[in-house]
1. Using Cα centres only, tell me the gap between segment 1-30 and segment 230-270 in whole Å.
2. What does the C-alpha gyration tensor say about the overall shape of segment 140-293? Classify as rounded when a/c is under 1.5, otherwise prolate if a/b is larger than b/c, or oblate.
3. Per q in 0.13 1/Å, what log10 I(q)/I(0) does a Debye calculation on the alpha-carbon atoms of segment 1-138 return?
4. Enumerate the amide H contacts of residue 113 below 5 Å, restricted to partners 5 or more residues apart or on another chain; note that Pro and chain-start residues carry no placed amide H.
5. Determine the distance separating the Cα centre of segment 291-355 from the Cα centre of segment 73-98; give it in Å without decimals.
6. Between the helical axis of 271-285 and the dominant principal axis of the chain, each derived from Cα atoms, what acute angle in degrees is found, rounded to the nearest 10?
7. So how much slack lies between residue 220 and residue 135, counting 0.36 nm per residue of separation and subtracting their Cα-Cα distance, in nm?
8. Between helix 66-77 and the chain, what is the angle of the helix's C-alpha long axis to the longest principal axis, kept within 0 to 90° and rounded to the nearest 10?
Amino acid sequence: MEAFVFSTTELIILAVAGVLLIIQLIYYFGIYNRIHRHNIAAKRGDVHFTHDEPPVSVIICARNDSESLRRNLPSILEQDYPEFEVIVINDGSTDETEEVLSIFEEKYPNLYHSFTPDNTRYVSRKKLALTLGIKASKYEWQVFTEANCIPVSNQWLRLMARNFTPRTQIVLGYSGYERGKGWLHKRVSFDSLFSSLRYLGLAIAGKPYMGIGRNLAYRKDVFFNVKGFSTYLNMQRGEDDLFINQVANGNNTRVETDIDATVRMKPVECYKDWKEEKVSYMATGRFFRGSQRWLLGFETLSRLLFYAACITGITFGVLSQHWIAAGIALLIWIVRYIVQAVIINKTATDMGDNRHYYFTLPVFDILRPLQSLKFKLYRFYRGKGDFMRR
């Protein structure tokens, strides 16, 4: 029976690990499992959708994206949807973007394109490009994606539009990466998946706080009611995440999670490009309003403390040869790992991400907050001026 006698230190460590396990499970079942539950509810018919299919305007900003446009535009222009237009704003491209768009316009009568003036060097060009596209659009509902994104099916617009209920003003969609090879791509894919678990999960829970312009829709009057991007016009980014943070709430926002409503991007080829994107989003993320930022920050903190408590409990038990104490600490970690692996991989399958995360899951689980800290330090080192309009 001596094996079941624990020292005060062991009791404290195991108690702390147990409390942190409960906190983590609350996050996983309360937020991160929302996409999977939403899909189940939609298939059962428990989610109300509209049968109206209002005309929509698809807005795309392109800058030196001729190859991406050649590859992706046909899948957007050939959507199975009654009435829609596609507006591409050429943001000062120096490649063959203009020629590609002109060729496509001859084939597709619902494609239009324009350009941003060359003398706009002191304005955030992407915000200007999107504003020009919105002003030029004919329809109330605006659907946004990017030149390097491709819908996985011709039902993308139809599935997004089934959320255009009378009270809905914003619809958030899922975006992910096409399957690629190598450690970098798996790392980037996991980061994208986990980010979606967070911001889409909170939106489904009635607490939207951001959106990503790769798969996003909102009404034109929402844009003009807040004077567009004027609130953060001094920021280089923020045309999607900060804008949605400004206008979204639990009553006017819906999430579309059907696999056929997702869009995919080509695999990341260069770590530097991905890092620059992450750092830019972090530069805008500190301006988020609402408690969601702190809520998710607390999850990250509790996760790191959980690992520390479990490792300490296992190490302390092994060194003192108290195998039951070490076993309990290990069991606590295993319980969280099983829940985490099931929820993350089920969601990945739901959303068509062909990768699964088992042996790499603990590595990415710890690496993600550490890389976020690294990127934050990098942003701080570069200073604010690097992320202002130019």
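Coordinate-derived values only; no laboratory data. Since the model is a prediction, treat every value here as computed from it, not as a measurement. Quick reminder, even Gly has a Cβ in these numbers, built from the backbone with ideal geometry, and neighbours come from all protein chains shown.
1. So the separation of the two Cα centres works out to 38 Å.
2. oblate
3. -0.76
4. When sequence neighbours closer than 5 places are left aside, the close amide H contacts are 88.
5. 44
6. 90
7. 29.7 nm
8. 90
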